[in-house]
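A short write-up of the structure that comes next.
The values are calculated or read from the model by the stated rules, or taken from the named source; none is laboratory data. Just so it is clear, the structure is predicted and the values come from calculations on it, not from any experiment. Here the Cβ positions follow ideal geometry from the backbone for every residue, glycine too, while neighbour counts run over all protein chains shown. Remember, those area values only see protein heavy atoms, side chains included, never the ligands or the DNA or RNA. Shrake-Rupley method; radii C 1.70, N 1.55, O 1.52, S 1.80 Å.
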Amino acid sequence: MNEKMEDGVYIIQDGNITRLEPIEYGQDTILWKNGQVLDVERTHRMRIKKSK
């Protein structure tokens, strides 16, 4: 893994790398089964009111 790593969450499973890219607002939930990642649930939040 000599490549430059970018910001994000990296899941390494069975030698394969999956990168979850950052989002501006939201939440990621990792679901596990038998010690391995089964699914990732991603919710996205949109800000309506801007800060002053």
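Taken per residue, the accessible surface of the chain reaches 99 Å², heavy atoms only and a 1.4 Å probe. Candidates Gly8, Tyr25, Ile48 compared by Cα position along the dipole of the chain: farthest toward the positive end lies Ile48, with charges placed on Cβ. For the chain, a crude dipole built from +1 on the beta carbon of Lys and Arg and -1 on the beta carbon of Asp and Glu, taken about the Cα centre, is about 540 debye to the nearest 20. What's the FRET efficiency of Ile12 with Arg47 using the Cβ-Cβ distance as r and R₀ = 35 Å, to the nearest 0.05? About 0.60, to the nearest 0.05. Computed over neighbours whose Cβ is under 13 Å from that of Leu31, the net charge equals -1, Lys and Arg +1, Asp and Glu -1. As a fraction of the 1.4 Å probe accessible area of the chain, surface on carbon and sulfur atoms comes out at 47 percent.
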